[in-house]
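Following: one structure in structure tokens, then a few remarks.
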Amino acid sequence: MELMDIHRRLNRLSDVNRRQLLQLLALTSGGMLLPNLAEASLGPNQIKDIRVWTAPDHSRVVFDLERPVKHTLFRLKNPDRVVLDIENAILSQSTSHLRIKDPVVRAFRMGIPRPDTTRAVFELNEEVRPRSFLLKATKDRGPRLVIDLYRKGELERQARLEREYDPFRNRTPVRENMVVVIDPGHGGEDPGATGPSGVREKDVVLTVAKKLAAMVNATPGYEAKLTREGDYYVSLKKRVGIARQYDPDLFMSLHADSFRIRSARGTSVYCLSEQGKPTPDRAIKDLVERENSTDLVGGVNLGKVVDPEVAGILMDLSQRDSLNRSLVLGRNLLDSLDAMPQVRLHYRNVKQAGFAVLKAPDIPSVLVELAFLSNPNEEMMMKKESYQATLAAGLLKGVERFAKASREIS
């Protein structure tokens with residue numbers, strides 16, 4: 001459209017309409033819309049909600065946004081503070097109710113130091129290493145600005161453990177307790193699957209995991225550890241790292257599936273495939289893609305995560321042995337669950353697929369899909385403490401069978 005033609009059309013408008021249109025359009029000599037002014041015409045970005053998740057090693061603050069923002073994060077001393085400046089953004093509600101209950105954050109406040117800037121200040125109880133990043137919108141959420149406050153002491157401890165870890169160490173031949181690491185999937189920003197009545201995967205798997213851990217710890221000769229004990233997200237890589245800290249005899253990741261066909265039901269057990277790829281089944285392929293992409297939903301900065309185990313697997317004799325033992329563990333779990341009242345199996349055999357959380361080369365590892373939350377009947381069953389206890393008891397029986405088989409082999 002020629003510039004003169006645009007002016008002729010503008011002259012036909014009333015003064016009010018012409019002013020409104022000129023406020024929306026910024027024209028160059030070529031008559032093109034300037035993107036930055038077009039975005040400014042949308043008005044300030046709305047900060048719709050602020051949520052806090054507290055994990056053992058860091059605290060996470062999530063700002064829900066209408067659209068992506070530019071921001072600046074920096075630290076101040078005396079006293080220790082982390083300051084976040086968000087450009088062209090305003091809160092959509094009063095901040096009077098915003099209180100952060102967190103062991104790291106002593107006080108939290110928000111203000112407007114400049115007309116085009118909203119500032120959040122975190123006063124701290126201890127030294128932290130802050131980071132920030134934006135998450136793109138998903139089908140369930142808009143864009144998010146994530147602030148992670150990592151405890152300095154915990155970061156140093158984890159770095160030391162990682163340096164000292166040797167996957168090919170010589171294990172003590174005989175140990176008093178069998179160490180079982182239980183991994184409740186999802187958490188925090190990532191709810192996982194959600195049932196028709198609102199039951200969330202992250203909640204029910206944590207409940208079952210805690211029941212199972214209590215049963216394991218009450219059994220002589222066994223000790224249970226959890227990768228998460230509350231409602232916060234743990235990255236797939238870190239779940240494996242936490243497990244390794246305990247030098248475990250097995251690793252069990254608990255989940256609850258969802259499927260487009262509501263009649264799908266039952267429990268499944270998976271271990272890693274030798275090539276790290278899913279078996280040729282579309283439903284399993286979709287499941288693997290969902291579980292392996294949870295870091296994106298949970299708020300992990302994937303651009304800064306470099307993990308050769310997740311990027312690809314180099315099979316060696318140690319890993320092949322762990323894979324064989326994983327298959328034995330999976331078979332024992334299925335047999336024990338099948339013997340429990342009310343429990344129905346979805347697959348009667350152990351399935352193999354490329355789940356990232358199973359890729360520790362030295363730990364027998366399985367992923368258990370406890371039920372289909374998309375099935376209304378199974379969703380209601382997963383809410384019942386009695387059924388949760390039944391599942392936990394079945395898993396414990398499977399662990400005991402695996403321990404017995406391991407002792408016989410050795």
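Scanning the stretch 342-356 for residues that are open to solvent by 10 Å² or more (accessible area, probe 1.4 Å), under 19 Å from V205 (Cα atoms) and in contact with a helix residue (DSSP H, G or I) (Cβ under 8 Å, 6 or more places away or on another chain) gives Q342, V343, L345.
Residues in the stretch 66-116 that are under 21 Å from K48 (Cα atoms) and of a type in the set (K, R) were compared, and the one that is modelled with the lowest pLDDT is R99. Residue-level analysis places I242 outside the set of residues that are part of a loop (DSSP other than H, G, I, E, B) and among the aliphatic types (A, V, I, L, M). Note on the stretch 268-286: residues that are at pLDDT 90 or above and polar (S, T, N, Q) total 1.
The set of residues in the stretch 136-153 that are under 27 Å from D80 (Cα atoms) and in contact (Cβ under 8 Å) with a residue 60 or more places away in the chain comprises R144, L145, V146, I147, D148, L149, Y150, R151. Quick check on this structure: which one of R325, R265, R239, R331 is within 23 Å of T138 (Cβ to Cβ) and modelled with pLDDT of 90 or more? Among R325, R265, R239, R331, only R239 is within 23 Å of T138 (Cβ to Cβ) and modelled with pLDDT of 90 or more. Residues of the stretch 97-151 being open to solvent by 60 Å² or more (accessible area, probe 1.4 Å), over 19 Å from V234 (Cα atoms) and outside any loop (DSSP other than H, G, I, E, B), which ones? Selection gives R106, R109, I112, P113, R114, R119. For the stretch 209-239, give me each residue that is assigned to a helix (DSSP H, G or I) and farther than 25 Å from G266 by Cα. Hits for the stretch 209-239 are N217, K237, K238, R239. Scanning the stretch 241-276 for residues that are open to solvent by 10 Å² or more (accessible area, probe 1.4 Å) and under 23 Å from H58 (Cβ atoms) yields G241, I242, R244, Q245, Y246.
To keep it simple, each residue is scored yes or no on (1) over 15 Å from I182 (Cα atoms); (2) in contact with a helix residue (DSSP H, G or I) (Cβ under 7 Å, 6 or more places away or on another chain).
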position	(1), (2)
V199	yes, yes
K202	no, no
A214	no, no
A224	no, yes
V240	no, yes
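Among the numbered conditions (1) modelled with pLDDT of 65 or more; (2) not in a helix (DSSP H, G or I), the only one that E289 does not meet is (2).
Comparison of S336, S322, S374, S406 shows that the only residue that is within 28 Å of G241 (Cβ to Cβ), of a type in the set (S, T, Y) and open to solvent by less than 20 Å² (accessible area, probe 1.4 Å) is S322.
The values are calculated or read from the model by the stated rules, or taken from the named source; none is laboratory data. Computed from a predicted structure; not experimentally measured. Note: ideal-geometry Cβ built from the backbone for every residue, glycine included; neighbour counts use all protein chains shown. Accessible surface areas use protein heavy atoms only, side chains included; no ligands, DNA or RNA. Shrake-Rupley method; radii C 1.70, N 1.55, O 1.52, S 1.80 Å.
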